[in-house]
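The values are calculated or read from the model by the stated rules, or taken from the named source; none is laboratory data. Keep in mind that this is a model prediction, so the values were computed, not measured. FYI the Cβ positions are ideal-geometry reconstructions off the backbone, even for glycines, and counts take in every protein chain you see. Please note that ligands, DNA and RNA were not included when accessible areas were found on the heavy atoms of the full protein model with its side chains. Shrake-Rupley method; radii C 1.70, N 1.55, O 1.52, S 1.80 Å.
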Amino acid sequence: IFEEAPHVDLLATSRESLRIENEQVHRLAPLGCPPEDDGLSAADILAFPAVQLFVERVSLGCGQFEMSDRDAPIIAEISRKLDGIALAIELVAGRVDAYGIQGIAALLNDRFGLLWQGRRTAAPRHQTLSATLDWSYDLLSEVERLILRRLSVFVGTFTLESVQAVVTEGENDGACVVEAIASLVAKSLVTADLSGLVVRYRLLNTTRAYALGKLVESGELDVVARRHAMFTLRIFEHAGAGAQAPASAGDLAAWGELIGDVRAALEWSFCASGDLALATALTTAAAPLFLKLSLLAECHDWTRRAVAALDDAARGTGREMQLQASLGLSLMFAKGNSEDVRVAFSKGLKIAEELGDVYCQMQFLGGLHIFSHRIGDFQGALALAERSDLVAARMADPVGKTMADCMLGISLHFIGNHREAHRRSKSALSLPIGSQHIGPIRFGMDHTIRARSAWARTLWLLGYPDESVKMARMTVEQAELLEHPVTLCIALIWTTPVYLGIGDWASAEENIERFMALAERHSLTPHNAVGLGLRGELSIRRGEPELGIRLLRECLATLHVDRYAMRMTLSLMALAEALAIGGESDEALRTIDKAIANVEQRKELVNLPETLRIRGEILASKASLDLAEAETCLIRSRDVARAQSALSVELRAAMNLARLWSRQGRHGDALQCLAEVYGRFSEGFETADLKAARLLLAALQDSLPGGWPAEGGDGSTCRPVLL
């Protein structure tokens, strides 16, 4: 017809092209599906054709259906699982009346969906997905059938090289394999991505589920799954993925493509017909990738099983050492600060010392250092940092010195030695962020980001609010570039107190909400309580003490259970202030006394001046007016802050002391005390504390009949302050 009638055009649909002269092929792509993004609303998701078709078909079967924000992410996941295939979406939508949205999503993980019936009037091959695929499968050659069902072991994308290594392994010649793959692509059973330098193929999810059933029926599953697991292991070993981090976002995306195949290979290796030696080797190689992708709960599950599966010959080897590192990190960040974390790190450190591996010794010292801080063992953390300095001296690599400086800078900050903490933190920044030797692949987070975060807080304490904010913002920006949620969470947690300190509530709230969303999305369970505490503190600063008290009490209860002592003192301090604001001065005093006891017991000296100041403020506000004790607390707070070079905390203590002395009529002493501290600042004059100090100085100056006094209470000359 086409040749004899030149004005006639023929439009035909087919699973493959007809391969005839003058044929013009237009491939029908699947319907567009929403990306994996937790932030999309129902309106956003409904903009995608796959979701529109799903909602339309559900409405036809169940009456008018309106997608809620709660259902939206589930429906988005369903459309992605079905790869946007219109027939599959229609068949699945027709079962919502029986199973509901969540039930449909759960059942799609099995092969039941392949058997769901469609319309009675449809062609037999379109009445179920299984019938559609049966029709295509029956038209394949034997070689094509063999390759298709064996391709089902690949969860993600694959290349011709991986097909030859896993699917055939010498059973057929290369030309035969290439031709079979091309034929399967032409028949729309395999999709090809031609956008990269290497062509990558994949099976659609429904096709894979069907082909996997055929593989099981053939009795070849164990043979092919073993080849697949060994090939996956070789990829990691060849690239050295266990020791090197994906350096860029592109590298990370490429490694992320492997995660489905890693899971499938591990599941088979650990099963009854699998291979435990292969399972432990693959877990060791792949665990750093789970850490880099912040799949912490999953990393913990696999490494726990792998450590338990080690035989006697593998105990005390490098394999156990690396497994203990990944186990300790994933357990700490995903589950909490149990003693099992210390056990894992300590076992790994012992093996590293026996093997003389200084890099891994530093790795385990870093893990123990984080753990010690989280449980409130600040002296123990300092000892570990000092020990790391000795290990660094034996390393012919600047990474050792950088790592030791990171740890020392943080520990010195917590014990109140802010000048030395500043020096060490600054020194730690000599190594680039994201270095493979100090970044998330080895340590579960980037320690240079941790050091920068501590440095930002140290700068505020030293009396450089503007520099502190610059460092805080830079730290979060650098953490974002790493595309590593755990590191970004740490940066957000540590820099939020900077914004609370300067009175920037908007930036503090932005940090807190981002942090809470990340912790929720990546199952960083121990961090949820930290977020509640920060929200509570922000509520107090914004004049909502009742909400702050509720959040902080919930926070403290969880911190106690999770042994997250590092944040406990700060939360107690905020709770004491909120209780005092609410008029519960006795309860406030008991709370701040508990905080002071924590500080003294744990040598958490960074918080000693502020806890003493809050205690003095509470005493000064009590109805009993115990002013002598209040004055003692405030003077001690000021003196300790000065000894620590914590100028910002010294200013707060001086303001409280000035108010107390002014109430007692000692206006000259009050003015001199505050003016002397205020005069040592060189920046940050528009931050909350400095603005409040300036107003107080003006009020004190006005209260003196003769203006500035010639002498202060101690006989020294009081210098004027620029107001």
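A 1.4 Å probe run over the chain, with the rest of the protein chains in place, finds 44 Å² accessible per residue.
For the set His422, His560, His484, the ranking by accessible area, highest first and with no ligand, DNA or RNA atoms included, is His560, His422, His484 under a 1.4 Å probe. Anything over 30 Å Cα to Cα? Flag those among Lys292/Lys603; Lys347/Lys401; Lys187/Lys214, in the order listed. Violating the 30 Å Cα-Cα cut-off are Lys292/Lys603. Against the chain, whose longest principal axis comes from its Cα atoms, helix 129-138 is set at around 50 degrees. Can you work out the PRE-style zone for Leu481? Point 7 Å along Cα to Cβ, and I want the residues of region 378-399 with backbone N under 19 Å. Backbone N within reach: 399.
Projected label points at Ser188 and Leu107, each 7 Å from Cα along the beta carbon direction, are separated by 2.5 nanometres. Projecting the Cα atoms of Ile410, Leu18, Ala5 onto the dipole axis of the chain, where Lys and Arg carry +1 and Asp and Glu carry -1 at the beta carbon, places Ile410 farthest toward the positive end.
Based on the Cβ-Cβ distance of Val178 and Ala688, what FRET efficiency does E = 1/(1 + (r/R0)^6) give at R0 = 60 Å, to the nearest 0.05? With R0 = 60 Å, the Cβ-Cβ based efficiency is 0.30.
Applying 1/(1 + (r/R0)^6) with R0 = 25 Å to the Cβ-Cβ distance of Arg473 and Arg680 gives a FRET efficiency near 0.50. Taking Arg694, Arg553, Arg374 and ordering them by how much accessible surface each has at a 1.4 Å probe, largest first, produces Arg553, Arg694, Arg374. About the centre of its Cα atoms, the chain shows a dipole size close to 1540 debye [charges on the beta carbon of Lys, Arg (+1) and Asp, Glu (-1) only; nearest 20 debye]. At the residue level, Asp397 shows approximately 40 square angstrom of accessible surface with a 1.4 angstrom probe and all protein chains present.
What is the percent carbon and sulfur in the accessible area of the chain, measuring with a 1.4 Å probe over the protein chains and ignoring ligands? Walk me through the intermediate numbers first.
Working: 16680 of 31560 Å².
Looking at the chain in its full context, I get 53 percent from C and S.
Modelled label positions at Thr317 and Glu546, each set 7 Å beyond Cα in the direction of Cβ, lie 6.4 nm from each other. In this structure Phe685 has an accessible area near 70 Å², from a 1.4 Å probe over the protein heavy atoms. Between the Cα long axis of helix 49-62 and the first principal axis of the chain there is an angle of about 80°, rounded to the nearest 10.
Can you give the extra length, in nm with one decimal, that the chain gains between Gln379 and Ala517 once fully stretched, where that is 0.36 nm per residue apart less the Cα-Cα distance?
Numbers: separation 138, 0.36 × 138 = 49.68 nm, distance 3.25 nm.
Using 0.36 nm per residue and subtracting the Cα-Cα distance, I get 46.4 nm.
Taking all protein chains as they are arranged and a probe of 1.4 Å, the heavy atoms of Leu204 leave approximately 30 Å² accessible to solvent.
Helix 205-218 and the long axis of the chain differ in direction by around 60°, with both axes built from C-alpha atoms.
Which order do Tyr201, Tyr359 take when ranked by solvent-accessible area (1.4 Å probe, heavy atoms of all protein chains), largest first?
On the way: Tyr201 30, Tyr359 75 Å².
In descending accessible area the options line up as Tyr359, Tyr201.
Which of Val55, Ala105, Gln672 sits farthest toward the positive end of the charge dipole of the chain, with +1 on the Cβ of Lys and Arg and -1 on the Cβ of Asp and Glu? Highest projection toward the positive end goes to Gln672.
Relative contact order of the chain: what whole-number percent is it, with Cα pairs under 8 angstrom and at least 6 residues apart? Please report the intermediate quantities before stating the final value.
Numbers: 1085 pairs, mean separation 50.3, N = 723.
7 percent.
Between Asp639 and Glu77, how many nm apart are label points set 7 Å from Cα along the C-beta direction? Once both label points are built, they end up 6.1 nm from each other.
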